[in-house]
Amino acid sequence: MAIFLGIDGGGSKTSCLIGDETLILGTGTGAASNVVRVGEAQARESLASAIRQACTVANLKPSEISSVCVGLAGAARPEISEVVRRIISDLVPGKIKVVGDTVIALEAAFGSGPGVIVIAGTGSIAYGRNREGQTARAGGWGFAISDEGSGHWIGRIAVAAALGAWDENPEQNLRLIEVLMKFWRLETIEQLVPAANATPPPDFAALFPAVLSLAESGDRIARDVLTQAGTQLANLAGILLRRLFPNPGVVPVAMSGGVFGSSAQVRQVFYNSLRSGYPDVVINPTVIEPVRGALELARRGAAK
């Protein structure tokens, strides 16, 4: 029996699925394994932990794995894909395929068919394929200048919005300011400025759960930030619909990533905003798990 392993190496967590030709036999998770963000040593530890966990659940040994597909951001860069390939080859035998996180997400959402998927996790990007097989991307150009609607973007915009509101009225009691100061262990608002502008930049994505919690409790600023995120993500999808589907008609669209998975508000704003401009698109309400695409590509790669 052939055994296959799919891995989604994200900026916040690592997900693994192990299976045979038809069934999923085990799952595993680990910490972040995006080499660009966490470095080779942390990536190796996270990947090893997730793989061990999946093998334990499946009651299999890593040596039994015949084919692996790893999806991660930055895989188009040869130096990144080679590092990941080397790490995986030290952990499991068999064929190894390293592809972008967009590739496994597209596979999980649409198989080999057409569609547009928007990924919003620590970072963000939109990726699509038309009926002729042409592919294109939008966004995902890095935290400093892009990644609109991502967890990092939400955290950064929330800090800016909180300080902007404080500028308007320093006397008002801003819950978001209080949360930010508590999260970063600050005592005065003056300390917030150097903390937010530090080099290297702080982990803005780590603020996303706090912003989400505030929004769910009705905080106006936090809710506005999540509305902006959903709109920005819909804009990315719209770019690809215009590029790949000049006369779109019915086009499937899917969502993936922790921002979509965690925030019903972001999902709803994304849906409403995209449908207002493209009423014929069909948006899958289920948040896609890219690791399922990685497992399918591992199966397919072993067949070649």
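Rule-based calculations on the coordinates, nothing more; no lab input. Only a predicted model underlies this, so the values are computations on that prediction, with no experimental measurement involved.
How large is log10 I(q)/I(0) at q = 0.06, 0.10, 0.14 Å⁻¹ when the Debye formula is applied to the Cα atoms of the chain, each weighted equally and without solvent?
-0.21, -0.58, -1.04
Give the distance, in whole Å, between the Cα centre of segment 13-85 and the Cα centre of segment 108-123.
20 Å
Please report the antiparallel percentage of the DSSP beta bridges confined to the chain, to the nearest 5.
55 percent
Report the antiparallel proportion of the DSSP beta bridges in segment 1-142 as a percent, rounded to a multiple of 5.
Roughly 65 percent of the beta bridges in segment 1-142 run antiparallel, per DSSP.
What aspartates and glutamates sit close enough to K13 to cross-link, taking a C-alpha to C-alpha distance under 19 Å and skipping anything fewer than 8 places away on the same chain?
E40, E45, D101, D147, D203, E289
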